[in-house]
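S.K.: First, the structure itself, so that you have it in front of you.
The values are calculated or read from the model by the stated rules, or taken from the named source; none is laboratory data. Since this is a predicted model, take the numbers as computed values, not measurements. Cβ: placed from backbone, ideal geometry, glycine included. Neighbour counts: every protein chain shown.
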Amino acid sequence: MDADLKALEEKISQLIELCQSMRKDNVELRQSLALAQDAERQLRAKMQQAGQKLESLIDRLSEDLV
């Protein structure tokens, strides 16, 4: 009976360690995701600006050719 309780105690300890490790990993993943999402927003903004500049240049070229 003591051996069974000891085995159960060990498994519960392992489960607790695993949960703590997964919580830590989850926090790190959330931080990484937030950074990646911020970088994506910045890139999208830059792409939008570049597109607007290109459209402006194309319009100017069209006007100059006419």
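S.K.: Going by what's in this entry, would LYS24 be described as surrounded by 10 or more Cβ atoms within 10 Å (Cβ to Cβ), within 19 Å of the chain's Cα centre (by Cα) and basic (Lys, Arg)? Quick ask: steps written out before the conclusion?
M.R.: Details: surrounded by 10 or more Cβ atoms within 10 Å (Cβ to Cβ): yes; within 19 Å of the chain's Cα centre (by Cα): yes; basic (Lys, Arg): yes.
Against the criterion (surrounded by 10 or more Cβ atoms within 10 Å (Cβ to Cβ), within 19 Å of the chain's Cα centre (by Cα) and basic (Lys, Arg)), LYS24 qualifies.
S.K.: Determine whether LEU65 is at pLDDT below 95 and either over 15 Å from the mean Cα position of the chain (by Cα) or aromatic (Phe, Trp, Tyr) (or both).
M.R.: Values: at pLDDT below 95: yes; either over 15 Å from the mean Cα position of the chain (by Cα) or aromatic (Phe, Trp, Tyr) (or both): yes.
Here the answer is yes, as LEU65 does meet what is asked.
S.K.: Does LYS6 meet the test of being more than 24 Å from the chain's Cα centre (by Cα), at pLDDT 95 or above, charged (D, E, K, R) and part of a helix (DSSP H, G or I)?
M.R.: Values: more than 24 Å from the chain's Cα centre (by Cα): yes; at pLDDT 95 or above: yes; charged (D, E, K, R): yes; part of a helix (DSSP H, G or I): yes.
Against the criterion (more than 24 Å from the chain's Cα centre (by Cα), at pLDDT 95 or above, charged (D, E, K, R) and part of a helix (DSSP H, G or I)), LYS6 qualifies.
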